[in-house]
Amino acid sequence: MAKLTFHGQSTFTVDMDDGTRLVIDPFFDDNPVADIKRAEAGAVDYILCTHGHYDHFVDAIPLARETDATLVSTFEIVSFAETQGITKGHPLHIGGGYDFPFGRAKMTAALHGGQVHGDTTGQFTTVPGGFLLHLDGKRIYHAGDTALLMDMQLLRGKVDVAILPIGDNFTMGPEDAAEAVGFIDPEVVIPMHYNTWPVIEQDPERFRDLVGDRARVEVMNPGDVFAP
């Protein structure tokens, strides 16, 4: 069974039964709430990036260099990484999926900004996304940074664990995230992208109250591990 470890903001590592290791939206060294630094991330086989903003992408290229991991993201982000010397990449795009050795990954729609950190030309600006992952028999949805979308209703019945931003200001706040839970109908929801900086301070227990009996809310602190 895949094990999720939360590292603060939107960063998760996923350890698979066969030893494969994924990192989603790596933000370690400059993350004020992270439990580890990038050098402590260990072996990594795949890096999945929902979009190119600093707090989701800044450690992706260094981590790919250090671990020889394959970067999975939008075509534009993978293309930018290639200009930085990354040779192992797999481009996806919204609505597209691929069967990797670790399981299936499909990119889902998100509504947010498209800047790619490190791209000084603007030519690699892209659309943001999320990931619907099929891992060790579980369906895990990492929404990335997003507003509430009607498209989330298309995920209903297809998600066991939903990982949703609740920080407000840059993404959904607790109320909209609770509405998203109603759209998706997961068994478990994990809040993310909150309490990293004052502007996105939220009380996860309030989010739990807003969700009510629509799903089990699993509040994770940096370093916590959850096995779906």
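Can you pull out the residues in region 202-219 that are part of a helix (DSSP H, G or I) and touching a residue at least 40 places away in the same chain (Cβ under 8 Å)?
Within region 202-219, 207 is the sole residue that qualifies.
For region 127-150, indicate whether the set of residues that are under 16 Å from the mean Cα position of the chain (by Cα) and polar (S, T, N, Q) is non-empty.
Yes.
Considering each of 17, 68, 35, 59 in turn, give the residue that is among the charged types (D, E, K, R) and in contact with a helix residue (DSSP H, G or I) (Cβ under 7 Å, 6 or more places away or on another chain).
When all the criteria are applied, what remains is 59.
Kindly evaluate residue 109 against the criterion of being within 16 Å of the chain's Cα centre (by Cα) and open to solvent by less than 50 Å² (accessible area, probe 1.4 Å).
Considered against the rule, which asks whether it is within 16 Å of the chain's Cα centre (by Cα) and open to solvent by less than 50 Å² (accessible area, probe 1.4 Å), residue 109 comes out as yes.
For every residue, the table says whether it meets (1) farther than 20 Å from residue 188 by Cα; (2) modelled with pLDDT under 95.
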{"position": "63", "(1), (2)": "yes, no"}
{"position": "74", "(1), (2)": "yes, no"}
{"position": "87", "(1), (2)": "yes, no"}
{"position": "101", "(1), (2)": "yes, no"}
{"position": "105", "(1), (2)": "no, no"}
{"position": "120", "(1), (2)": "yes, yes"}
{"position": "126", "(1), (2)": "yes, no"}
{"position": "145", "(1), (2)": "no, no"}
{"position": "149", "(1), (2)": "no, no"}
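Of all the strands (runs of 3 or more DSSP E) wholly in region 22-105, which have at least 2 residues that are β-branched (Val, Ile, Thr)?
Hits in region 22-105: 70-74.
Criterion first (closer than 25 Å to residue 139 by Cα and either in contact with a strand residue (DSSP E or B) (Cβ under 8 Å, 6 or more places away or on another chain) or acidic (Asp, Glu) (or both)) does residue 19 satisfy it?
Considered against the rule, which asks whether it is closer than 25 Å to residue 139 by Cα and either in contact with a strand residue (DSSP E or B) (Cβ under 8 Å, 6 or more places away or on another chain) or acidic (Asp, Glu) (or both), residue 19 comes out as no.
Can you give me the ranges of the strands (runs of 3 or more DSSP E) entirely in region 129-201 with at least 3 residues that are farther than 23 Å from residue 33 by Cβ?
The qualifying strands (runs of 3 or more DSSP E) are 129-135.
Return the total of residues in region 129-156 being open to solvent by less than 10 Å² (accessible area, probe 1.4 Å) and touching an Asp or Glu at 6+ places or on another chain (Cβ under 8 Å).
Of the residues in region 129-156, 3 are open to solvent by less than 10 Å² (accessible area, probe 1.4 Å) and touching an Asp or Glu at 6+ places or on another chain (Cβ under 8 Å).
Is it the case that residue 183 is closer than 21 Å to residue 48 by Cα and either touching a residue at least 24 places away in the same chain (Cβ under 8 Å) or open to solvent by less than 80 Å² (accessible area, probe 1.4 Å) (or both)?
no
I want to confirm something. Restricting to region 186-222 and keeping residues that are of a type in the set (Val, Ile, Thr) and open to solvent by less than 30 Å² (accessible area, probe 1.4 Å), which single residue is nearest to the chain's Cα centre (by Cα)?
Per the criteria, the residue is 190.
Need pairs with beta-carbon distance below 7 Å; first residue closer than 15 Å to residue 60 by Cβ and within region 100-126, second of a type in the set (Asp, Glu) and outside any strand (DSSP E or B); sequence gap 6+ or separate chains.
Between residues of region 100-126 that are closer than 15 Å to residue 60 by Cβ and residues that are of a type in the set (Asp, Glu) and outside any strand (DSSP E or B), the close pairs are 116/76; 124/76; 126/76.
Would you check if there is a residue in region 55-73 being of a type in the set (Ser, Thr, Tyr), out of contact with any Lys or Arg (no Cβ under 6 Å at 6 or more places or on another chain) and open to solvent by 60 Å² or more (accessible area, probe 1.4 Å)?
No, because not a single residue in region 55-73 is of a type in the set (Ser, Thr, Tyr), out of contact with any Lys or Arg (no Cβ under 6 Å at 6 or more places or on another chain) and open to solvent by 60 Å² or more (accessible area, probe 1.4 Å).
Being surrounded by fewer than 18 Cβ atoms within 10 Å (Cβ to Cβ) and not aliphatic (A, V, I, L, M) is the filter here, so list the residues in region 22-40 that pass it.
Answer for region 22-40, where residues must be surrounded by fewer than 18 Cβ atoms within 10 Å (Cβ to Cβ) and not aliphatic (A, V, I, L, M): 29, 30, 32, 35, 37, 40.
For region 163-175, what are the residues that are touching a strand residue (DSSP E or B) at 6+ places or on another chain (Cβ under 8 Å) and either within 13 Å of residue 110 (Cβ to Cβ) or open to solvent by 10 Å² or more (accessible area, probe 1.4 Å) (or both)?
163, 164, 165, 171, 172
The values are calculated or read from the model by the stated rules, or taken from the named source; none is laboratory data. Keep in mind the model is a prediction, meaning the values are calculated, not measured. Positions of Cβ are generated from backbone atoms using ideal geometry, with glycine treated the same way; all protein chains shown enter the neighbour counts. For accessibility, only protein heavy atoms count, side chains too; no ligands or nucleic acids. Shrake-Rupley method; radii C 1.70, N 1.55, O 1.52, S 1.80 Å.
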